[in-house]
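A.B. asks: Input: one structure, supplied below.
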Amino acid sequence: MAAGCGGGGGGGGGGDITEPPPTGTVVVTGKVVSPVEANPIVGATITYGAAQVVTDSNGEFRIEVPAPSPAQVVRITGPDGPDPDTDPDYFSRGTYGGSSILLGSEGIAVPESAAGATYDFRPIRLYHVRDDPPPPPF
């Protein structure tokens, strides 16, 4: 489930549970893409609890944490824009499963998880206010 702007609960569903991970872990995976062409976004930071990774050249990420895992939120911070000096927080909004996400402060909720749980979030689309088309209303 994705959190809506202002802390309200948005619609959409949680990630799909897929193949079992190694015993004793919870695995969170996904792909971060541009809003229209679905091009991979490289260098987005993904945080799940204390774990943090950066999306690879395909826009994908994978985080493994020890189980059991308390309810957590997958938080996304987009990479800097084309000119880091003028666009340090280029991506400010995102969507997943039809719900809006304010990047950095909101995220995608993951329920308390036992060993063997795997969650896959694809695609997570990142937007900037100057994007055409603009991001959905928040």
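A.B. asks: Contact list please: Cβ distance under 7 Å, first residue in the range 112-128 and closer than 30 Å to Glu37 by Cβ, second residue of a type in the set (Asp, Glu), pairs at least six apart or on different chains.
C.D. replies: Thr118/Glu19; Asp120/Asp16
A.B. asks: Of all residues in the range 27-46, how many are surrounded by 17 or more Cβ atoms within 10 Å (Cβ to Cβ) and touching a residue at least 40 places away in the same chain (Cβ under 8 Å)?
C.D. replies: 11
A.B. asks: Could you tell me how many of the residues in the range 109-138 are part of a strand (DSSP E or B) and at pLDDT 85 or above?
C.D. replies: 12
A.B. asks: A further question on this structure: For the range 98-111, which residues satisfy the criterion of being free of Cβ contacts under 8 Å to residues at least 60 places away in the same chain and touching a Lys or Arg at 6+ places or on another chain (Cβ under 7 Å)?
C.D. replies: The answer is Leu103, Gly104.
A.B. asks: (1) buried (at least 18 other Cβ atoms within 10 Å of the Cβ); (2) acidic (Asp, Glu); (3) at pLDDT 90 or above: which one isn't true of Glu106, the others all being true?
C.D. replies: Condition not satisfied by Glu106: (3).
The values are calculated or read from the model by the stated rules, or taken from the named source; none is laboratory data. Treat the numbers as computed from the prediction; the structure is a model and nothing was measured. Cβ coordinates were reconstructed from backbone atoms using ideal geometry, including for glycine residues, and neighbour counts include every protein chain displayed.
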